[in-house]
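*Asks:* Have a look at this one.
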Amino acid sequence: MKSLIHKLFQAHQECSDCPSPKVVQHFFENLLGLLFPEHSVQKIKEAKEIQSKLEEQEQFLSKILERNIHLHHQDGRQLARQFFENLERIYDWVNLDVDAMFAGDPAAKSRTEILRSYPGFYAIAAYRIAHELHLLGIKLIPRMITELAHSRTGIDIHPGASIGHHFCIDHGTGVVIGETTIIGNHVKVYQGVTLGALSVEKADADVKRHPTIEDEVVIYAGATILGGKTVVGKGSTIGGNVWITKSIPPGSKVYYQAKMYHADSEETDLYIFKNDPDEIKSEE
């Protein structure tokens, strides 16, 4: 027991002063409830109360950043001020994402249903807030916010990823979007999609490791797209369970077509066709 006490005491002394996940969760969920009353315990009835709560949230973030200057090496109060100056843009972009989810899901009966119950909304809102903090040079806290959403929704979006407006995640469980991913506007992603890296070498930490997805692309369930040089062209449709490590031209459709040989087995080829379904070429 004495040995354990010594080890635990040493761990506590060596632990960084960075905020605990509970403190970061408190900040994020209070801010989310302020932005979207569907996530608030009580609706706010007066405009002056909104202003007061915004000021409280800014002060709370400022205190976190001031106590943890080693995470950003900048003035915590100024960083908090900058973040809240950009909050309206974050709010507007999340609302565009909600519009995309409502338009893209026939099962959605209202925006309220999406705001209250869709994991895609929660994960994207967390990403938008975390990404803004990331752009300000704040370290670790943005990752803690997106990992909170990951634990709740099963959707893993790195705060360093760049994602355009009208982003829709449908269902969402198992979605992984890596740090250097670039996603354009009006992109829709289904459950189990991985936008990942071909290399997991530590030496590649500072290079673009994850794919670029251009505007108006739809990626269906279970698709895996890997590599920093991989570009999925505008308006393409990526079918379920495909594995892509090479660029796809704009307007392409990528899918697996099964060839049945006998009752107990089948073989599959990966096909790509651009614009005209009769112009099919195998990538086997």
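The values are calculated or read from the model by the stated rules, or taken from the named source; none is laboratory data. All figures in this text were calculated on a predicted structure; none of them were measured in a lab. Cβ coordinates were reconstructed from backbone atoms using ideal geometry, including for glycine residues, and neighbour counts include every protein chain displayed.
*Asks:* Quick one: would you say Leu96 is on the phi < 0 side of the Ramachandran plot, in contact (Cβ under 8 Å) with a residue 60 or more places away in the chain, out of contact with any helix residue (DSSP H, G or I) (no Cβ under 8 Å at 6 or more places or on another chain) and assigned by TED's automatic domain parsing to the domain that holds Leu35? Talk me through it step by step, then tell me what you get.
*Replies:* Values: on the phi < 0 side of the Ramachandran plot: yes; in contact (Cβ under 8 Å) with a residue 60 or more places away in the chain: yes; out of contact with any helix residue (DSSP H, G or I) (no Cβ under 8 Å at 6 or more places or on another chain): yes; assigned by TED's automatic domain parsing to the domain that holds Leu35: yes.
When the stated conditions are applied, Leu96 passes them.
*Asks:* Ok, one more. Hey, any hits in segment 176-194 for a residue that's more than 24 Å from Tyr91 (Cβ to Cβ), in contact with a His (Cβ under 6 Å, 6 or more places away or on another chain) and of a type in the set (Val, Ile, Thr)?
*Replies:* Yes, segment 176-194 has at least one match.
*Asks:* Let me ask something additional. Can you pull out the residues in segment 49-107 that are among the β-branched types (Val, Ile, Thr) and within 28 Å of Val187 (Cα to Cα)? Lay out the reasoning, then the answer.
*Replies:* Pass one, segment 49-107, residues among the β-branched types (Val, Ile, Thr): 50, 64, 69, 90, 94, 98.
Those that are among the β-branched types (Val, Ile, Thr) and within 28 Å of Val187 (Cα to Cα): Ile90, Val94, Val98.
*Asks:* So, in segment 9-31, of the ones that are outside any helix (DSSP H, G or I) and in contact (Cβ under 8 Å) with a residue 12 or more places away in the chain, which residue ends up nearest to Pro119 (Cα to Cα)? I'd like the intermediate steps shown before the answer.
*Replies:* First, pick out the residues of segment 9-31 that are outside any helix (DSSP H, G or I): 15-20.
Filter once more, so that each one left must be in contact (Cβ under 8 Å) with a residue 12 or more places away in the chain: 16-19.
Values: Ser16: 32, Asp17: 31, Cys18: 28, Pro19: 25 Å.
Ranking the qualifying residues of segment 9-31, first place goes to Pro19.
*Asks:* Next question, about the same structure. How many residues are surrounded by fewer than 15 Cβ atoms within 10 Å (Cβ to Cβ) and either of a type outside the set (Lys, Arg) or modelled with pLDDT of 65 or more (or both) when one looks only at segment 248-284? First the steps, then the outcome.
*Replies:* At the first step, the residues of segment 248-284 found to be surrounded by fewer than 15 Cβ atoms within 10 Å (Cβ to Cβ) are 249, 256-269, 275-284.
The next check asks that each one be either of a type outside the set (Lys, Arg) or modelled with pLDDT of 65 or more (or both); those that pass are 249, 256-258, 260-269, 275-280, 282-284.
Total satisfying the criteria: 23.
*Asks:* Go through segment 238-252 and give me each residue that's part of a loop (DSSP other than H, G, I, E, B) and closer than 11 Å to Thr194 by Cα. First the steps, then the outcome.
*Replies:* First, the residues of segment 238-252 that are part of a loop (DSSP other than H, G, I, E, B): 239-242, 245-247, 249-251.
Asn241, Val242, listed by residue number.
*Asks:* So how many residues does segment 186-201 have that are in a loop (DSSP other than H, G, I, E, B), crowded, with 20+ Cβ neighbours inside 10 Å and of a type in the set (Ser, Thr, Tyr)?
*Replies:* 1
*Asks:* If you go through segment 100-118 one residue at a time, do you hit one that is under 16 Å from Gly178 (Cα atoms) and outside the structural domain of Val189 (by TED's automatic domain parsing)?
*Replies:* Filtering segment 100-118 for residues under 16 Å from Gly178 (Cα atoms) gives none.
Checked against the condition, which is being under 16 Å from Gly178 (Cα atoms) and outside the structural domain of Val189 (by TED's automatic domain parsing), segment 100-118 yields no hits at all.
*Asks:* Now a separate question. Among what's in segment 97-143 and is over 17 Å from Ile155 (Cβ atoms) and among the polar types (S, T, N, Q), pick the residue that is nearest to the chain's Cα centre (by Cα).
*Replies:* Thr112
Residues are listed down the side, and each one gets a yes or a no for (1) surrounded by fewer than 16 Cβ atoms within 10 Å (Cβ to Cβ); (2) in contact (Cβ under 8 Å) with a residue 40 or more places away in the chain; (3) touching a Ser or Thr at 6+ places or on another chain (Cβ under 8 Å):
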| site | (1), (2), (3) |
| --- | --- |
| Gln51 | yes, no, no |
| Gln59 | yes, no, no |
| Gln74 | yes, yes, no |
| Gln78 | yes, no, no |
| Phe83 | no, yes, no |
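*Asks:* Considering every residue within segment 56-74, establish whether at least one is farther than 18 Å from Leu136 by Cα, assigned by TED's automatic domain parsing to the domain that holds Asn95 and modelled with pLDDT of 95 or more.
*Replies:* Of all residues in segment 56-74, those farther than 18 Å from Leu136 by Cα come to 56.
Still in the list and also assigned by TED's automatic domain parsing to the domain that holds Asn95: 56.
Narrowing further to those that are modelled with pLDDT of 95 or more: 56.
There is at least one residue in segment 56-74 that is farther than 18 Å from Leu136 by Cα, assigned by TED's automatic domain parsing to the domain that holds Asn95 and modelled with pLDDT of 95 or more.
*Asks:* Another question, then. Can you tell me which residue among Ile177, Ile183, Ile219, Ile169 is buried (at least 21 other Cβ atoms within 10 Å of the Cβ) and touching a Leu at 6+ places or on another chain (Cβ under 7 Å)?
*Replies:* Working: Ile183 fails: touching a Leu at 6+ places or on another chain (Cβ under 7 Å); Ile219 fails: touching a Leu at 6+ places or on another chain (Cβ under 7 Å); Ile169 fails: touching a Leu at 6+ places or on another chain (Cβ under 7 Å).
Just one listed residue meets the conditions, Ile177.
Residue by residue, here is whether (1) over 29 Å from Phe121 (Cα atoms); (2) hydroxyl-bearing (Ser, Thr, Tyr) holds:
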residue: Gln10; (1), (2): yes, no
residue: Leu35; (1), (2): no, no
residue: Gln42; (1), (2): no, no
residue: Lys45; (1), (2): no, no
residue: Glu49; (1), (2): no, no
residue: Ser62; (1), (2): no, yes
residue: Leu65; (1), (2): no, no
residue: Asn86; (1), (2): no, no
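*Asks:* Then there is this: Please identify the pairs in which a residue from segment 37-49 that is in contact (Cβ under 8 Å) with a residue 12 or more places away in the chain has its Cβ atom under 6 Å from the Cβ atom of a residue that is surrounded by 10 or more Cβ atoms within 10 Å (Cβ to Cβ), counting only partners at least 6 apart or on another chain.
*Replies:* From segment 37-49, the pairs are Glu38/Leu115; Glu38/Arg116; His39/Leu32; His39/Gly33.
*Asks:* Here is a follow-up. Does Asp97 qualify as being of a type in the set (Asp, Glu), over 24 Å from Ser20 (Cα atoms) and buried (at least 22 other Cβ atoms within 10 Å of the Cβ)?
*Replies:* Details: of a type in the set (Asp, Glu): yes; over 24 Å from Ser20 (Cα atoms): yes; buried (at least 22 other Cβ atoms within 10 Å of the Cβ): yes.
When the stated conditions are applied, Asp97 passes them.
*Asks:* Here is a follow-up. Taking the stated definitions as given, is Gly233 on the phi > 0 side of the Ramachandran plot and modelled with pLDDT of 80 or more? Give the derivation first.
*Replies:* Numbers: on the phi > 0 side of the Ramachandran plot: no; modelled with pLDDT of 80 or more: yes.
Spelling it out, it is not the case that Gly233 is on the phi > 0 side of the Ramachandran plot and modelled with pLDDT of 80 or more.
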